[in-house]
1. Over all distinct Cα pairs, what is the inverse of the mean 1/r for segment 24-151, reported as the Kirkwood hydrodynamic radius in Å?
2. Report, for the chain, the % of DSSP beta bridges that are antiparallel, rounded to 5.
3. Explain nothing, just the number: relative contact order of segment 1-68, from Cα pairs under 8 Å at least 6 residues apart, as a whole percent.
4. When the convex hull of the Cα atoms of segment 129-284 is projected onto a plane and the area is averaged over all directions, what value comes out in nm²?
5. Can you give the angle from 0 to 90° between the axis of helix 119-128 and the longest principal axis of the chain, with both taken from C-alpha atoms, to the nearest 10?
6. I'd like the orientation of helix 46-59 relative to the chain: the angle between its Cα long axis and the longest Cα principal axis, in ° from 0 to 90, rounded to 10.
7. What is the helix-to-structure angle for 152-161, meaning the angle in degrees between its Cα long axis and the longest Cα principal axis of the chain, kept from 0 to 90 and rounded to the nearest 10?
8. Find the percent of Cα-Cα distances in segment 1-68 that exceed 15 Å, and round it to a whole number.
Amino acid sequence: MNLILQSPANATDHAAVEHIATLAGAARAEALSAHAWRCEGVTYSPALKETVDAACLAARLDYAFVPPGRKLSEFKLLAMDMDSTLITIECIDEIADMQGLKPQVAAITEAAMRGEIEFRESLTRRVALLKGLDTGALQRVYQERLRLSPGAEPLLAAAKAAGLKTLLVSGGFTYFTERIGERLGLDYTHANLLEEAGGKLTGRVVGEIVDADEKRRTVERVCDELGIEAAQAIVMGDGANDLKMMAIAGLSVAYRAKPVVRAQASVALNFVGLDGVLQLFDGA
């Protein structure tokens, strides 16, 4: 296997990279960029992964064990969660802030992302707290607070250039996924629709809630439409409600994710941007 090591641009520790390459018993180490390295000829084992995981966490490095020679174009779909993955915020928490309810809503969000509360229940409870809020709050959140995660645009540009289709599937809201989808030229989006009446939110969601099962079904539906296997999908997420769609992917990426998600993903990116995914491939 190859062991890929990456550091944030402002925190490169070459001594730590050399130490981890030695720990891994790499035959050779090659710089891929100023902040990424490929350690070749590594014999993978769960014990080695545990050792590398601890050393990388201490050094603030991201790592991934990957087969040599894999191309990005071997995959055909890039599917991503929205809140705290493609974007830096949890939209519902920021909407709640307009009501002065951010602490209460954020606490439910955090518990749901850790897997402590079933997502469907958590969303119903959080949306109910938004009852009566002017729908203009959604526009304010989009314009004033919504930011793409670091590396989002380079990742999407490379994926599109390699022929991958793109899917944004979210337990958040269509108000945001549709606008982001149009802005970034995404091929598919799917999320929850907030009910409104008279310019106010009613505190309810229209139709089926996009929970963990629906996220998985959405990835499967898009794969079917494209005529590909789920193993040809890269799926990225951060919370417990992403685990089911990540489990069917050929490559699952936990992005600055909760521990339960990092533990089950193929790769975890804790420090670098979304475009860190691109270093896992030997070209397009």
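Where a number appears in this text, it was derived from the coordinates with a stated rule and is not lab data. Computed from a predicted model, the values in this text were never measured in an experiment. Neighbour counts run over all protein chains shown; Cβ positions are idealised from the backbone, glycine included.
1. On the way: mean 1/r = 0.0540 Å⁻¹.
Roughly 18.5 Å, rounded to one decimal.
2. Details: 20 of 39 bridges.
The antiparallel fraction comes to roughly 50 percent.
3. On the way: 103 pairs, mean separation 33.7, N = 68.
Averaging sequence separation for qualifying contacts and normalising by length gives 50 percent for segment 1-68.
4. On the way: hull surface 39.2 nm².
That works out to 9.8 nm², a quarter of the Cα hull's surface.
5. Between the helix axis and the principal axis of the chain, the angle is about 40 degrees.
6. Here the helix axis deviates by roughly 70 degrees.
7. Between the helix axis and the principal axis of the chain, the angle is about 70 degrees.
8. Of the Cα pairs, 41 percent sit more than 15 Å apart.
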